[in-house]
Amino acid sequence: MTDQPSYPITPTNRVKRAHARAAYDHDSVHRILDAAALCHVAYVIDGQPYATPTMFWREGTRLYWHGSAASKMIKSIRKGVKACVTVTHFDGLVIARSGFHHSANYRTVMAFGTARLLDDPDEKYAAQVAMVDRLFPGRTDALRAVTPQELKATSFIYMDIDSAAAKQRSGTVADDEEDYALPIHAEVIPIHTTLGAPIPCPRSHPDAQRGADLDLYQDGAALELAFSQAYEQTFE
């Protein structure tokens, strides 16, 4: 826990198992969110649960994501739907001396609130810009303008975070004390997601040049570092 402002701890977001790994402060929650671009949004619509993977971004304590204007989900959200947004980073495999203590190193956030449809045309356009520039700072300035039909075909959803919790495991194997004397190998296998070499579009214009908006995305760079730095350049 830090001295940063925190989300309220409620029966909904309180971490009950391994609660020492939990954090509710804005800094911990936002750091995990901003290092990702893909989330899963869970709703219950007409009694049926759905969990939808989608691109997302954060502005302050509000989350945004997008979807097709024709989807059933979008039509239901128009009146407001309770939602849970989940983000997970898989950081390592923990191989212990017993099956019970095999685990994973991870960072995760669950955020709760009411998902609502963004209806104002100016706010929809701003969301279109943010969706691109959040990942590629300043890229919108180099693109052709979005058409009215494209904007009409895309819906944007937002959710003010009412409560949220971060939870993470890091470090080494945690076996029962007596098991350390056993002749059984144990280890942690770190997991890193890195970027590959860019593959230009085969139909690129001969005068097209890779711009500064893609400078963060270089061969061998850490994906989550690129996402975090892109967020900082766009919103901070």
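We did not get these values from a lab; they are worked out from the coordinates using the rules stated. Computed from a predicted model, the values in this text were never measured in an experiment. When we count neighbours, we look across all protein chains shown, and the Cβ atoms used for this are built from the backbone with ideal geometry, even at glycine.
Sorted fewest first by neighbouring Cβ atoms within 10 angstrom, 150, 59 come out as 150, 59.
Comparing 56, 100, 136 in a Gaussian network model of the chain, where Cα atoms under 10 Å apart are tied by springs, the biggest mean-square fluctuation is seen for 100. Once both labels are positioned 7 Å from their Cα atoms along Cα-to-Cβ, the gap between residue 14 and residue 207 label points is 6.4 nm. From least to most packed, judged by other beta carbons within 10 angstrom and beginning with the fewest, 84, 201 follow the order 201, 84. Using a Gaussian network model of the chain in which every pair of alpha carbons under 10 angstrom is joined by a spring, one finds that among 16, 167, 82 the greatest mean-square fluctuation is at 16. Annotation for residue 98 and residue 233: the two label points, set 7 Å from Cα along the Cα-Cβ direction, are 4.9 nm apart. The local environment of residue 80, defined by Cβ-Cβ distances under 15 Å, has a net charge of +2 under the rule Lys, Arg +1 and Asp, Glu -1. Under 10 Å, Cα contacts only: if you run a Gaussian network model on the chain, which one of 157, 45, 77 comes out with the highest mean-square fluctuation? Among 157, 45, 77, the largest GNM mean-square fluctuation belongs to 45.
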